[in-house]
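To start, the structure itself, in structure tokens.
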Amino acid sequence: MQDILDPEACTTMAEVRAGVDAVDRALVALLARRFGYMDAAARIKPERGQVRDEARKAQVITNVRAHAREAGIPEAPIGELWERLVEASIAYEFEAFDRR
């Protein structure tokens, strides 16, 4: 398997693409773990009405925007991505809650 280079070490598009593909695989693995926490939340919360928590959603998005800013990447699009991620997570948690 080809070695994955840090972005600043890449000199070809093949190296860039290999790095992007590796990061994508890692992100999917992390998302699977995040959704596992949604399964845990659905198991722990006693009432379906507790699945949606707008205050927590706002806190998560605020936190990730701050992390993006600290990392030197654009916080607005990251906030938008997390808005979609949190909504998908809530929908998943509702489904998990209803299965139990």
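Hand me the GluC sites (Glu not before Pro) from the stretch 1-77 located in a DSSP loop with no more than 13 other Cβ atoms within 10 Å, in residue order please.
Working: sites: 8, 15, 47, 54, 70, 75; in loops: 47.
Within the stretch 1-77, the qualifying GluC sites (Glu not before Pro) (loop, at most 13 other Cβ atoms within 10 Å) are 47.
Please state the relative contact order of the chain as a whole percent: Cα pairs under 8 Å, 6+ residues apart? Please report the intermediate quantities before stating the final value.
Values: 56 pairs, mean separation 29.4, N = 100.
Here the relative contact order equals 29 percent.
Just grab the label-to-label distance for residue 100 and residue 45, each label 7 Å out from Cα along the Cβ direction, in nm (one decimal).
If labels sit at residue 100 and residue 45, their model points lie 1.0 nm apart.
How big is the dipole moment of the chain about its Cα centre under a simple scheme where the beta carbon of each Lys and Arg is +1, that of each Asp and Glu is -1, and everything else is neutral? Debye, nearest 20, please.
Values: 15 positive and 18 negative charges, 116 e Å.
Dipole size: approximately 560 debye.
Once you charge only the Cβ atoms, +1 for Lys and Arg and -1 for Asp and Glu, what is the size of the charge dipole of the stretch 29-84 about its Cα centre, to the nearest 20 debye?
Values: 11 positive and 8 negative charges, 44 e Å.
It works out to roughly 220 debye.
Per-residue ellipticity at 222 nm for the chain, helices alone: DSSP H runs ≥ 4 residues times -39500 (n - 2.57), over residue total, nearest 500 deg cm²/dmol? Numbers along the way, then the final one.
Numbers: 3 runs with 75 residues, N = 100.
-26500 deg cm²/dmol, from helical runs alone.
With the cut-off at 1.5 for a/c, could you classify the stretch 1-86 from its C-alpha gyration tensor as rounded, prolate or oblate? List each step's numbers first, then the result.
Details: a/c = 4.02, a/b = 1.86, b/c = 2.16.
Judged from the Cα gyration tensor, the stretch 1-86 comes out oblate (a/c at least 1.5, b/c at or above a/b).
Considering only 60, 22, 92, whose Cα is most displaced toward the positive end of the charge dipole of the chain, charges sitting on Cβ of Lys, Arg (+1) and Asp, Glu (-1)?
Final value for the positive-end residue is 92.
Bear in mind these aren't lab numbers, they're just calculated from the coordinates by the rules spelled out. No experiment lies behind these values; they were computed from the predicted model shown. Positions of Cβ are backbone-derived with ideal geometry, glycine not excepted, and every protein chain shown enters the neighbour counts.
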